[in-house]
Amino acid sequence: MFQSLGKLVTRYWKLLIPIWITSLLLLWLAAPSFKSVLREGEFAFLPADSPSLEGERLLAEAFPQIKTASQIVIVANRTTNGEPLRDEDKSFLTEKLVPQLEELVESQGGYAESLATVEEAAEEPAETEETSETEQSTAGSSASEEENTTLGNPPASKLPQRSLISRIKTFEDRFIGPLLISEDKQAALVIVEFSTEFLDKRSFPTIEKIEQIITDLQSEQPAGLKISLSGSSTVGRDIIEAAQQSANATELWTVVLVIILLIVIYRAPFLALIPLVTVYIATKFALTFLALLAGWNVIGLFNGVEIYVTVVLYGAGVDYCMFLISRYSEELDSGNSMDEAMEKTIESVGAALAASAGTTICGLAMMAFAEFGKFHQAGIAMSVSLIFVLLASITFAPALLLFAGRWAFWPQVYSERIKTGSGWVSPTSLIARLFEAQWIQTFWDWVGELVLRRPATVWLITIGLMSPFALVSIVWYHNLSYGLLSELPPSKTSVQGAEAVREHFPAGTIGPVTLLVKNNHLDFALDDEILLKDLVDNLNETKEKFGIIDVRALTQPLGQIHEGDLPEGDSVLSRGALRNRVKKYYIGEADLNQGTDPEEELGGNVARVEILFNKDPFSRYSIEQINNFEIALNQTGPDALLPEELQSETEIHLIGPPASVRDLKTVTRRDQFLIHILVICAVLLVLIMLLKRIAISIYLIFTVFISYLATLGLTFILFWSFDPINFAGLDWKVPIFLFTILIAVGEDYNIYLIARIQEEQRRHGTVKGIIEALSRTGSIISSCGIIMAGTFSSLMAGSLTGMHQLGFALAFGVLLDTFIVRPILVPAYLVMLHTDRFGKLGLLLGSGPDEEEIEPEEEEAKLSS
């Protein structure tokens, strides 16, 4: 097959370059913009049957008049610790800031109509507590389910042409005002609610205008008053901007690092550009093709997937091109013409490159079986994209080499044959003499001799050094961070605003939990309201046990903390008026026009209870807290949280950031286990098919697995050391992406080494062939490993913390595979195996039953005959 491909490429290489470029242009014209098919969000990628999403669907059905929205939270507090807000501070907010915000609304056509009915329904006191990055608003509610299936936000034409702001809430509100003043009286909030989701880019211009209003008012701001900005809309804006900045920075630094490394390695600018141009074309082709598939709704793509595709394609693609160029140079050194050299090159390395790419593709494709949408989509995107970079490496790159002709290795121009020492330096310079000294080759020769003399000692020392880090990764494996703010740098607006909120409001304020209680046989708005009161009383009595700060419901709309902050006047009238205004917020309404079975109508049979916990809702600690609370809710008996009448035929749903984070952790842990098994099995199967040695294939999997654990452990230690007190754990995406990419990509180098070992054993004997292969592959595999590590390290160029962690882990993991696993763990094991160090266990560990040492002379005789 590859022999025919080699002849085809050398015969028609002049057509291949325009074919690739023309195909890319045609595909670009047919495909939609890549950004236009991306989906935003995090929790929206949870499986549809996740408990939090089921709860949100019930919330949307039972409370249709209360639309889920995002918000900006303006936090005002004094810079002097302990000093309460002054009257002049409050006056500035109500007489200067709020009027400017209202003018902004009027200039945009008035308040959004899509949420106008909310004003008539309730003041939504609990909603005001969602004062920062809560993702509850977009966690995949059924109200936005149709929008999600279209892979984007609804077109603007479907919304009223008015301001996206639906309401402005202040502490002057007669009923909910007390909730917007901190208990210590040192901070106040102004809530600007939006009719759009928190990751909807249409709200970004309005956010910028609000920021500009705050900036313009600084000259009139009372001395010592600090104004900060947070809220889910601000967090969404910062997340998307950081993700885009990270994507742009990653692509730029990937290209820059690859150029630098290729020039240093090859010392020939044209030769360095050939892999770069090849991979660039293949990457653009792959991303455009993915956009076309997404536009046809064949696949889904999340915002940020291009980062993973880019680094994997550049890392793998440049490696493929380097192996091709290395073999091409060898063939030219042998005296072949350029056409003959290229034909033989494709014939000899084509199968190896296809096997290498096949291993990586099979490994990455296993992510497609994940339940979590981002893992699923990343697996499909990366595996499909690798097909294009493989095709480009064995067709487009050879065409470029033949097009460059004798100038490919300039300034050492090809005449009759390419000399091994050619390069982009003067042959009499100090640098040239250093290169001629072949320090790298000498180093690998020394490593080979060391492995040959003391294979067991070298193996044990290496495993011993890696084991402590592997142990750290096992102990801290689930010490992960699920927060959005932890992803952003401290300089971001939303991070600073959220910190200001935390200083004066309870930790759970930024993401309260909503408890939905549904019983088709009850109406909580009528006589059965007493059951709701009993439930609230039980929750109040067990606050300390479950870490509850406050409970708000129809019977306690302002919670216990602000119970004394009711409006002045007749308390009975005040309570009655408040109850009437918030009833539609806390008790579901029946839609009698739907014609459904009355037993299933979502009317007064659904009650809503808002609960504030004392843990950060985005931390892993909140997961344990909400799990314990849910277990207690499902218990029966006289001491149960639910009143006895609610213990049968009652549905309990918990929604909000902690519930969504809990579902995220549950789903991703299942995915981790499944993907670990599938990736190992897929890669192992490919290795067995290629090597025909089951035990050795299993050992190769072990080497990259121990490398993965050691890398993960070192990454934990490194990022913990930066901030031991506030370290929340590695980003939850790091372990699974690190595992999949390292196992799939890391085996490539083992495959190259084992293939060369088998070749050299036929020439030099069983044991000597191992060391000879190590020596001959040292330079090229090391160069490829450095290129791959440099590519992955470009992930650290962005501002997202998770990308920093993943970039470091991938770069270090590749270098560990390149300089430790491949040259030490693999050869040392094979030397011990073939020198009978394992005794009778040798047969079980990979030595053949009839295996004998092949003498070089015997092999040469066979070859000559």
Checked region 58-100 for anything outside any loop (DSSP other than H, G, I, E, B) and either open to solvent by 50 Å² or more (accessible area, probe 1.4 Å) or small (Gly, Ala, Ser) (or both); matches are Ala60, Glu61, Ala62, Ser70, Ala76, Asp87, Glu88, Lys90, Ser91, Glu95, Lys96, Gln100
Among Ala744, Ala659, Ala755, the single one that is part of a helix (DSSP H, G or I), within 30 Å of Arg57 (Cβ to Cβ) and modelled with pLDDT under 90 is Ala659
Among Ser203, Ser132, Ser107, Ser163, the single one that is within 17 Å of Ile74 (Cα to Cα) and at pLDDT 55 or above is Ser203
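A quick yes/no check of all residues on (1) surrounded by 21 or more Cβ atoms within 10 Å (Cβ to Cβ); (2) aromatic (Phe, Trp, Tyr); (3) over 30 Å from Ser393 (Cα atoms); (4) out of contact with any strand residue (DSSP E or B) (no Cβ under 6 Å at 6 or more places or on another chain):
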residue	(1), (2), (3), (4)
Gly224	no, no, yes, no
Glu241	no, no, yes, yes
Trp253	no, yes, no, yes
Val258	yes, no, no, yes
By my count, strands (runs of 3 or more DSSP E) wholly in region 160-243 with at least 2 residues that are closer than 17 Å to Ser91 by Cβ are 187-194, 225-230
Counting only residues that are assigned to a helix (DSSP H, G or I), open to solvent by 30 Å² or more (accessible area, probe 1.4 Å) and closer than 21 Å to Val536 by Cα, region 622-656 contains a total of 6
Within region 731-741, restricting to residues that are in a helix (DSSP H, G or I) and out of contact with any Gly (no Cβ under 7 Å at 6 or more places or on another chain), the one that is nearest to Val258 (Cα to Cα) is Ile741
Within region 454-497, residues being crowded, with 21+ Cβ neighbours inside 10 Å and under 16 Å from Met803 (Cα atoms) number 7
Of those in region 595-631 that are modelled with pLDDT under 90 and among the aromatic types (Phe, Trp, Tyr), the residue nearest to the chain's Cα centre (by Cα) is Phe618
Scanning region 319-330 for residues that are open to solvent by less than 30 Å² (accessible area, probe 1.4 Å) and not aromatic (Phe, Trp, Tyr) gives Asp319, Cys321, Met322, Leu324, Ile325, Ser329
Scanning region 479-521 for residues that are farther than 30 Å from Glu83 by Cα and free of Cβ contacts under 8 Å to residues at least 40 places away in the same chain gives none
Expected single match for open to solvent by 10 Å² or more (accessible area, probe 1.4 Å), on the phi > 0 side of the Ramachandran plot and not hydrophobic (A, V, I, L, M, F, W, C) among Asn303, Asn336, Asn297 is Asn297
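The values are calculated or read from the model by the stated rules, or taken from the named source; none is laboratory data. If you're wondering where the values come from, they're calculated on a predicted model, not measured in any experiment. So basically every Cβ, Gly included, is an ideal-geometry build from the backbone, and we count neighbours across all protein chains shown. Remember, those area values only see protein heavy atoms, side chains included, never the ligands or the DNA or RNA. Shrake-Rupley method; radii C 1.70, N 1.55, O 1.52, S 1.80 Å.
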